[in-house]
Amino acid sequence: MGTPTITVRFVTPGPNGPVQDREVEVPADGRSLMKAAVDAGIDGIAADCGGTLTCATCHVFVTDPWVDRLDPPSGDEDTMLDYTAVERRPCSRLSCQIRLTPALDGLTVELPERQY
């Protein structure tokens with residue numbers, strides 16, 4: 001039996017509807033949402049630091065009901081969210097800190113209009 005996979009949806013809202021709306025199947029093996037997005041070629045995840053929690057260029061908005069299903073941000077992540085290019089919201093997370101597990105099958109995140 002191989003590694004289970006889950007579906008994750010990445011949406012970039014635009015003024016006249018989504019400019020990107022992609023569902024991708026990714027391994028649910030504990031890798032980060034950021035890595036899965038980069039591997040899938042998702043536009044809008046810059047990931048400048050490669051997931052070391054030092055740049056805030058993998059900022060996402062986690063949609064309901066998913067935001068309540070994630071562990072809360074660590075203190076370091078919460079601090080780094082103050083440096084995002086687009087103002088943070090209560091549902092803001094750094095995708096490098098979200099670990100993909102089978103429980104997140106169907107996760108939907110919105111990407112901010114920019115990461116810089």
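All of (1) out of contact with any Pro (no Cβ under 9 Å at 6 or more places or on another chain); (2) surrounded by fewer than 13 Cβ atoms within 10 Å (Cβ to Cβ); (3) at pLDDT 95 or above hold for Gly14 with one exception: (3). Each residue in segment 80-97 was checked for being part of a loop (DSSP other than H, G, I, E, B) and touching a Ser or Thr at 6+ places or on another chain (Cβ under 9 Å), and 4 pass. Residues that are touching an Asp or Glu at 6+ places or on another chain (Cβ under 8 Å) and either small (Gly, Ala, Ser) or under 17 Å from Tyr116 (Cα atoms) (or both) within segment 14-50 comprise just one, Ala28. Taking segment 47-77 as the region of interest, how many residues are hydrophobic (A, V, I, L, M, F, W, C), assigned to a helix (DSSP H, G or I) and touching a strand residue (DSSP E or B) at 6+ places or on another chain (Cβ under 7 Å)? Total meeting the criteria: 1. For segment 34-50, give me each residue that is closer than 17 Å to Thr84 by Cα and modelled with pLDDT of 95 or more. Of everything in segment 34-50, those that are closer than 17 Å to Thr84 by Cα and modelled with pLDDT of 95 or more turn out to be Met34, Ile45, Ala46, Ala47, Asp48, Cys49, Gly50. Scoring Gly51 on the criteria (1) on the phi > 0 side of the Ramachandran plot; (2) more than 12 Å from the chain's Cα centre (by Cα) leaves a single failure, condition (2). Of all the numbered requirements in (1) at negative phi; (2) over 10 Å from the mean Cα position of the chain (by Cα); (3) not acidic (Asp, Glu), Leu33 misses one, and that requirement is (2). When restricted to residues that are crowded, with 16+ Cβ neighbours inside 10 Å and within 15 Å of Leu111 (Cα to Cα), segment 46-66 contains 10. Out of the residues in segment 87-111 that are surrounded by 15 or more Cβ atoms within 10 Å (Cβ to Cβ) and either aliphatic (A, V, I, L, M) or at pLDDT below 95 (or both), which is farthest from Ala56 (Cα to Cα)? Going through the qualifying residues, I end up with Leu104. Of the candidates Arg114, Arg93, the single residue that is among the charged types (D, E, K, R), under 22 Å from Val19 (Cβ atoms) and in contact with a strand residue (DSSP E or B) (Cβ under 6 Å, 6 or more places away or on another chain) is Arg93. Close Cβ contacts (under 7 Å, 6 or more residues apart or on different chains) running from residues in segment 25-39 that are in contact (Cβ under 8 Å) with a residue 12 or more places away in the chain and buried (at least 18 other Cβ atoms within 10 Å of the Cβ) to residues that are among the small types (Gly, Ala, Ser) and not in a loop (DSSP other than H, G, I, E, B) comprise Val26/Ala36; Ser32/Ser95; Leu33/Ser95; Met34/Ser95; Ala37/Ser95. Could you go through segment 3-20 and let me know if any residue there is in a loop (DSSP other than H, G, I, E, B) and touching a His at 6+ places or on another chain (Cβ under 9 Å). The answer is no; no qualifying residue exists.
The values are calculated or read from the model by the stated rules, or taken from the named source; none is laboratory data. On a predicted model such as this, the values are computed, not experimentally measured, just so you know. For neighbour counting, all protein chains shown are included, and Cβ atoms are generated from backbone atoms with ideal geometry for every residue, glycine included.
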